[in-house]
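Asker: Pasting a structure here, questions to come.
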Amino acid sequence: MNDKGARTMPKNLCRSAFFVLVLVPASFAGNAESRLLTPPVAKDDQAAVLVGAGDIADCKNLVGAEATAKLLDLIPGTVMAVGDLAYPDGSKENFTCYDKTWGRARSRTRPALGNHEFHAAGATPYFDYFGVAAGDPKTGYYSYELGPWHIIVLNSECKDVGGCDSGSPQERWLRADLAAHPVACTLAYWHKPLFSSGSAHGNDLTVKMLWDALYDANADVVINGHDHDYERFAPQAPDGTLDSARGIREFVVGTGGKGLRPFGAPKPNSEVRNTEAFGVLKLTLHAKGYDWQFVPEEGKTYGDSGSGVCH
């Protein structure tokens, strides 16, 4: 299946002369194990897993963060922590609360900064907690390879890193990084989304120049948080127009554990929206495409899944 549609059941791999087809609805109940609908992968596939969310551990109430941490316990792969990880102030004490939940996956986590991390001067507790996995403490942006994909982690607290506009240090670094890694499939994540239907924040135009750079380099997927909800957009150009040929598909996954919030009016090209459940987004990254699956917390039935191809 290509970017134009979302599947509501997993693909089955036929390994013999017959097979059994099991239909699974998009919204389904069951325990966490039954909700992880990863299809069998051929031995020659280079697939890797990237899983996570943003807006995670609130020291005043860790129920949501613990619920999503339990999902990570069951899903192997690299964990993306997409900003606002330790509420309310990103302090050393707040990261103790994060550590009680998502800290179980710290050794395989590649984090991104959020605005709450900068409630502490220089986001120092964040960098102290994650160490070299968080990149250079002076910038907070970095990149890495994951299977056949190039992954870029950006810092949407633009004022703290000299801006995100054209010619800014981060924008110049991003364009240079993209030029140095001309791979078939590229994904980027950071905290504040360019596009969002969330009622608390909505669109954030300060990161548009970063989208411009990614679009120019034919990047495929962007993942954000900030609004406490789950939203999936159709592939778009940086100006918000539908672009099925070269557009970037954006996911907002602010469902890591901090209290969920309602949506405002849907933005153009918003395909699905959910505030019913905490959960994580699981991406299976193949050599020429990707599968996505929103995995809800135990006891909730909301699900979203589909596939896309790289440009």
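The values are calculated or read from the model by the stated rules, or taken from the named source; none is laboratory data. Owing to the predicted nature of the structure, the values given are computational and were not obtained by experimental measurement. Ideal geometry is used to build each Cβ from the backbone, glycine not excepted, and the neighbour counts take in all protein chains shown.
Asker: Could you check the stretch 54-68 and list, in sequence order, the residues that are touching a residue at least 40 places away in the same chain (Cβ under 8 Å) and either touching a Cys at 6+ places or on another chain (Cβ under 8 Å) or more than 19 Å from ALA123 (Cα to Cα) (or both)?
Answerer: Scanning the stretch 54-68 gives ALA57, ASP58, ASN61, LEU62, VAL63, GLY64, ALA65, GLU66, ALA67, THR68.
Asker: Follow-up question, since we're still on this one. Going by the conditions given, is ASN274 under 16 Å from the mean Cα position of the chain (by Cα) and either modelled with pLDDT under 95 or closer than 22 Å to GLU157 by Cα (or both)?
Answerer: No.
Asker: For the stretch 154-184, name all the residues that are farther than 14 Å from ALA213 by Cβ, crowded, with 16+ Cβ neighbours inside 10 Å and hydrophobic (A, V, I, L, M, F, W, C).
Answerer: Scanning the stretch 154-184 gives a single hit, VAL161.
Asker: Any chance you could count how many residues in the stretch 271-311 are part of a loop (DSSP other than H, G, I, E, B) and small (Gly, Ala, Ser)?
Answerer: 4
Asker: When LEU146 is evaluated against the numbered criteria (1) under 30 Å from LYS92 (Cα atoms); (2) touching a helix residue (DSSP H, G or I) at 6+ places or on another chain (Cβ under 9 Å); (3) surrounded by fewer than 22 Cβ atoms within 10 Å (Cβ to Cβ), which criterion, by number, is the only one it fails?
Answerer: Looking at each condition in turn, LEU146 falls short on (2).
Asker: State whether one or more residues within the stretch 136-143 are surrounded by 16 or more Cβ atoms within 10 Å (Cβ to Cβ) and over 18 Å from the mean Cα position of the chain (by Cα).
Answerer: Within the stretch 136-143, one or more residues are surrounded by 16 or more Cβ atoms within 10 Å (Cβ to Cβ) and over 18 Å from the mean Cα position of the chain (by Cα).
Asker: A further question on this structure: When you go through PRO193, PRO268, PRO182, PRO238 one by one, which is the residue that is at pLDDT below 95 and assigned to a loop (DSSP other than H, G, I, E, B)?
Answerer: Answer to the check: PRO182.
Asker: Of the residues THR206, THR96, THR124, THR101, which is touching a helix residue (DSSP H, G or I) at 6+ places or on another chain (Cβ under 6 Å), outside any loop (DSSP other than H, G, I, E, B) and surrounded by fewer than 17 Cβ atoms within 10 Å (Cβ to Cβ)?
Answerer: THR206
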